[in-house]
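Single-structure report; data block below.
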Amino acid sequence: MYAARPASRLTCPTCGTLQESPGSTVCEQCGADLSRRENLTPSSPLPASRRAGEAVAVSLRAIVAVPVRLVRGAVAALQALLSLIIGIIVLTVRAVLVLVVLGALVIGLSYVPAVQAKVPVAKELPRMTVNLLRRGADLGGRLLRTLRQETEAPLEASRPAATAPKPSAPKSAAPKPAASKPAAVALSLTVRSSPQGATVLLNQRRMGKTPLAVKVAPGTYRVTISRSGYKSVTRTVIIKAGQPASIDITLTIAP
């Protein structure tokens, strides 16, 4: 007469697992005893709206996690790139500073007479540096002149043409050039030493090594002859017009 009532599914009070078998007396998950009356707690199914809300929340979390991961990866890559660029800039600045300091030291040492005597190449370093600076200045001047001409050409083209100047009357006679002063006659000064290869300073200016012949103007000069391991010798020479001079020095070994 009456239909059989379906047995309700039970929920384990220990682990909260919903049992698959309605008449089970042992928890299928943790093995707890479900035979007691107080443990027989029928499970109440979740409403459909709650299950749909949980599914939507899980989907939204999964959707939002993708762009968050992409943003974090992009930020990490940007930080690594900035660190690399800053490191390259720091290394470049340090290398340039080291090169500048080394160049200044080498150029400064090239002016020392002892270094010039031992390293002949050091004599050419100041001249090479000056030539490089002159070339750089010339190149910069050319670029400035070119830019100035390019900027001034459109301005001149936009100005109205000026009227032709009237021809001036011819001058009666061209001015005579001013008489130039006679240049001082260069005379020869010969310096010899024993042994040879001594450095010659003429008024504290390095002229070369013995035997040496230079062209100088008439006047009074202070000649210093020095060589490593020997005593330096200083002489005063008066060169008169039409009378070349010579100096012969025998160097003595320094104690």
What length, rounded to one decimal in nm, is gained on full extension from residue 75 through to residue 142, with 0.36 nm per residue of separation minus their alpha-carbon distance? 19.4 nm
I'd like to compare 79-90, 233-244: which one has the highest average count of other Cβ atoms within 10 Å, and what's the full order after that? 233-244, 79-90
Label-point gap, in nm, between residue 236 and residue 119 - each point 7 angstrom along Cα→Cβ: 3.7
If packing is taken as the mean number of other Cβ atoms within 10 Å per residue, what is the order of 188-197, 126-135, highest first? 188-197, 126-135
Whole-percent pair-distance distribution, where bins are 5 Å wide, for the alpha carbons of the range 187-250: 4, 19, 34, 25, 12, 5, 1, 0
Run the numbers on the range 187-250 and let me know its relative contact order in percent, using alpha-carbon pairs under 8 Å that are six or more apart. 40
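We did not get these values from a lab; they are worked out from the coordinates using the rules stated. Every value quoted in this text rests on a predicted model; they were computed, and no experiment measured them. We place every Cβ from the backbone using ideal geometry, glycine too, and count neighbours over all the protein chains shown.
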